[in-house]
Amino acid sequence: MKVSSPCAFKYATILLVKMKTVKDSNPITNLNFSAEDQYNPETLEPRWQSQWDKDALYKTLEPKANKKGFYALSMFPYPSGTLHMGHVRNYVITDVIARYQRMKGKSVLHPMGWDAFGLPAENAAIERGIDPAEWTIKNIEQMKSQLKRLGLSVDWDREINTSDSSYYKWTQYLFLNLHKQGLAYQKKATVNWDPIDKTVLANEQVDAEGKSWRSGALVEKRELNQWFLGITQYSQDLLKDLDELSGWPERVKMMQSNWIGKSKGTEIKFYLSTKKSKCIEVFTTRPDTLFGVTYIVLSPNHTLINELTEDKKQQELKDFRKSYQRLRDIERCSDTRPKNGIFLGSYVINPINNRKIPVWTADYVLSEYGTGAVMGVPGHDQRDYEFASKYNLPIEYVIAPQNNDLDKSKAFLENGLLINSGQFNNVLSAKAKSLINKFGFEEKWAKVKVQYKLRDWLISRQRYWGCPIPIINCKKCGEVRVPEKDLPVELPASIKLSGKGSSPLSNTKEWISVACPNCGEPSQRETDTMDTFICSSWYFLRYADPINDSKPFDSNEVNKWLPVDQYVGGIEHAILHLLYSRFITKTIKSNNLIDINEPFKKLLTQGMVQAAAYKNPKTSKYIPANKILDKNNPVDPDTGELLDIIYEKMSKSKHNGIDPGLVIDRYGADTARMFILFKAPPEKDLEWEDTDVEGQYRFLQRLYKLTKEFSHYHKLDINKEITQKDRNKLSENEKDLRRSVHNAIMKVTEDLENNKLNTAISELMILTNSLQEKIDSINKNIALESISVLIRLLAPFSPHIAEELWTKLNGNDSIHKQNWPELDTSALSKDTFELVIQINGKVRQKINVPANLDKEELKNLALKDDISKKWLEGKSPKRVIVVKGKLVNIVI
């Protein structure tokens, strides 16, 4: 058996073990209570959830005058109908942050909604023969009830559903604004076609293997009229403004920067040998290799390719294009796949040396990047080298290493000295780039150009369950925007869906047929729907003003809350959702509808929740855990072969999913919350272990018992603050406990400010241990202060049990309306400390000494100690080294 554990984070588990073995002789823990006094989350948690709803405890309060509120937001879920542990982790992390900020005295916006449009609902509806809206609403109701069991402090009055016309009316409104700005447009384009879902995919929705992110099908290429959003017009702003996002993980910012893909280079004109007025423009970052260009290569979809192809080669080109279309982008860019191409029969002139060079097309050139044309420099590009070698094209070296040791069996890719480059010979590459650029500028065949890999956002989808595009196609007027007064353009009801062929909306004649708003002539509605990422690219703005029926939001309301102070979601959204949201925010700002430039101030990308999966290494088949008799020595029940235990992301296919509902049924929501927060840092992957869940349950049981027993034994007022008189008469035990309490306040506060939720829980365990050990020997008021602090520190993490214990101790109002504990720094200081006495660097004695002694006094105390005298034998030490507050080392 092999165990693979990519995230074996076991922080502070020793504390759970320690707490399990703590023996407390104090009379409090010897009291016996009836069954109803025991910790029972099954009845306790629903009771408090009901009370919170009744009291509207989490209704969003207006921020104080001229002060921005705190906005805590989780990426809203797709309503699949089933909550999984990844959801639990996401929403509980955000909930802790929201609860903490409320106790800090801030007005908090913590909403929830549903990213409800999309193919899964449509496909599910087709399978079941029902309307996607019916399926979606049912799933929302089910997931909402599951979420409420977690005890989230969500303001459900602000709930939104992107598939509700009251929401997508404003998605359409924003689209019309983009259309007015020229940022929404239609063009014919080669698109990614999902043959299973029968729809178009954006580039970002095709994975590295050329498969659909949703269906997993190999993506095909097709030519269709499609709608795009001009995100490339914001390339520089999207890149530059990443510097503003100091609260984002560097990894995410790097991913976005790479996706935008800024490169600065030179655009060079290669004029046709037969038509001097027409040229092929090529972008390059290596103008120093220009003398080595021996051919030009065009993408098969280049705009000039038909014109440049000889008549006798047109059929060959047509056939080549068909084979090209079948290739995935990853195959076209692959370094290992053989490169194929055809000579078009045309030539261009290399401007640097006036040499006539052939024009080819090849399957390793992408039309979507750059100009769709590249210089063939086989001496200094390995792909070009392999292509030239295959088709017997000239290979010329124009750069050599400074030691002139040039290996001509492959392309030389490094910088060096120019050779075979006319007047630029013996010039270093870096300098040659600028000299050749300058020469080209003067001769008017070169110019500096900044280029981006980012492509405009393709938003057309040929499916039903999405936001309709509010455009009317008129033969006379062309594209006509639906008047704002006619919004929303609602989806037709009771439509028959098959999942096959063109857009289902194209078959709804009654819905399609409409009079042109401009000329009144019979026209047709646009039948494509929008990419669902448009719906999720502005939802965070709607939460600020969710019931506004006259505009998408009031700018004053948005400015009270935005930008989002803490956004929490998965790393898989680093490019798609986050980039699109930034783009849409910037376009809305350009219309003066909001003041913010970036939507999310701080971003936390939580890790995955993993669990043990049992895999047969020979067949790659996953075996359900309930079919394995011996978990320590698992074997395949069908073959008897030994299985690997691998921690992987929970999924149905791997039979390692854990139902949150079953965990809550058995242990309660507070235990599930504590485990999911404690087991690993939020940004790291988390491994599910039943024993760790049980450990958190025992911790809460112990805390419940300790507090309940204290409330029975001492009828005291938890609302009464400890007096200065009590503080002045503290015993050493009481001082130690207050030091532990205020150390916990300091560390838990620091951890929450930095989203270190796992170590914050560790501090709660440490404080509980300290309190349990000292509660029998301290002033009751000091003990009560300690318990009060502990419960308030616990409240964001385990809200139900904290509320229960606060009430049992007669606390005023809800625990969640209490102020966060204040740090008393004076409690952290010590009157004495343990001085270590070393003889020749070895510890020989430890004594308690006053904390205010200076170095000379510490030295004298150490020398007078009996142990020191014994070692000195009446002699004077060679040297005495004093480290104040720590040790004295006597060298003899």
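Using 1/(1 + (r/R0)^6) with R0 = 30 angstrom and r between the beta carbons of Val450 and Gln402, what's the FRET efficiency to the nearest 0.05? After rounding, the FRET efficiency stands at 0.45.
For the chain, the longest principal axis of the Cα atoms and the long axis of helix 250-260 meet at an angle of about 10 degrees. All C-alpha pair distances within the range 507-629, sorted into 10 Å bins from zero, spread as 10, 26, 20, 19, 15, 8, 2, 0 percent across the bins. Seen from Ala493, the other residues with C-beta closer than 13 Å to its C-beta sum to a net charge of -3, counting Lys and Arg as +1 and Asp and Glu as -1.
Specify whether the C-alpha gyration tensor of the range 115-232 places it in the rounded, prolate or oblate class, a ≥ b ≥ c being the square roots of the eigenvalues: rounded for a/c under 1.5, otherwise prolate if a/b is larger than b/c and oblate if not. Oblate. Anisotropy class assigned to the range 367-415 is oblate, per the alpha carbon gyration tensor with a/c at or over the 1.5 cut-off and a/b no larger than b/c. Can you give me the C-alpha center-to-center distance between the range 98-117 and the range 260-291, rounded to a whole angstrom? A separation of 53 Å, based on Cα centres. Going by Cα centres, the range 515-582 and the range 368-419 are how many Å apart? One Cα centre to the other: 48 Å. Which aspartates and glutamates does Lys475 reach when only Cα atoms under 16 Å apart count, and residues fewer than 8 places away in its own chain are ignored? Filter leaves Glu521, Glu526. The residue among Leu308, His655, Pro358 whose Cα reaches farthest toward the positive pole of the charge dipole of the chain, with charges on the beta-carbon of Lys, Arg, Asp and Glu, is Pro358. Summing charges over neighbours of Ile791, with a neighbour being any other residue whose Cβ is under 12 Å away from its Cβ, gives 0 when K and R count +1 and D and E count -1.
Database remark: amide H of Gln838 closer than 5 angstrom to the amide H of Arg844, Val888, Asn889, Ile890 (H placed geometrically; neighbours at sequence offset of 5 or more, or on other chains; Pro and chain starts carry no H). Among rounded, prolate and oblate, which fits the range 178-298 when a ≥ b ≥ c are the square roots of the eigenvalues of its C-alpha gyration tensor, a/c under 1.5 means rounded, and a/b larger than b/c means prolate? Oblate is the answer for the range 178-298, as a/c is 1.5 or above yet b/c matches or exceeds a/b.
In percent, rounded to a whole number, the relative contact order of the chain is 15, using alpha-carbon pairs under 8 Å and six or more apart. Backbone geometry of the range 624-640 corresponds, through the Karplus equation with coefficients 6.51, -1.76 and 1.60 at θ = phi - 60°, to 3J(HN,Hα) couplings of x, 4, 6, 9, 9, 7, 10, 5, 7, 9, x, 10, 5, x, 8, 10, x Hz, x marking Gly and Pro. Only the Cβ atoms of Lys and Arg (+1) and of Asp and Glu (-1) were treated as charged; on that basis the dipole of the range 797-892 about its Cα centre amounts to roughly 1000 debye.
Here the 3J(HN,Hα) profile of the range 853-870, calculated from phi with Karplus coefficients 6.51, -1.76 and 1.60 at θ = phi - 60°, is 6, 8, 4, 5, 5, 5, 4, 5, 4, 5, 5, 7, 5, 4, 5, 5, 4, 4 Hz, Gly and Pro shown as x. In this structure, the amide hydrogen of Gln226, modeled 1.01 Å from its nitrogen in the peptide plane, lies closer than 5 angstrom to those of Lys187, Lys188, Ala189, counting only residues at least 5 positions away or on a different chain.
With contacts taken as Cα pairs under 8 Å at a separation of at least 6 residues, the range 540-614 carries a relative contact order of 36 percent. In this structure, the residue pairs whose Cα-Cα separation is over 26 Å, taken from Lys104/Lys808; Lys59/Lys589; Lys188/Lys438; Lys187/Lys438, are Lys59/Lys589; Lys188/Lys438; Lys187/Lys438. Evaluating 6.51 cos²θ - 1.76 cosθ + 1.60 at θ = phi - 60° for every residue in the range 438-448, the Karplus couplings come out as 4, 4, x, 5, 5, 8, 6, 10, 9, 8, 6 Hz, glycine and proline recorded as x.
Can you sort Ser246, Ser513 by solvent-accessible area, 1.4 Å probe, largest first?
Most to least solvent-accessible, the answer reads Ser246, Ser513.
Exceedance of the 24 Å cut-off in Cα-Cα distance is limited, within the set Lys106/Lys560; Lys240/Lys756; Lys408/Lys449, to Lys240/Lys756; Lys408/Lys449. Close amide H contacts of Phe833 (hydrogens built in the peptide plane, cut-off under 5 Å, sequence separation of 5 or more or a different chain): Val849, Ala851.
The values are calculated or read from the model by the stated rules, or taken from the named source; none is laboratory data. Source: prediction; values computed, not measured. Here Cβ is always computed from backbone atoms with ideal geometry, including for glycine, and neighbour counts include all displayed protein chains. Keep in mind that these areas ignore ligands, DNA and RNA; they rest on the heavy atoms of the full protein, side chains included. Shrake-Rupley method; radii C 1.70, N 1.55, O 1.52, S 1.80 Å.
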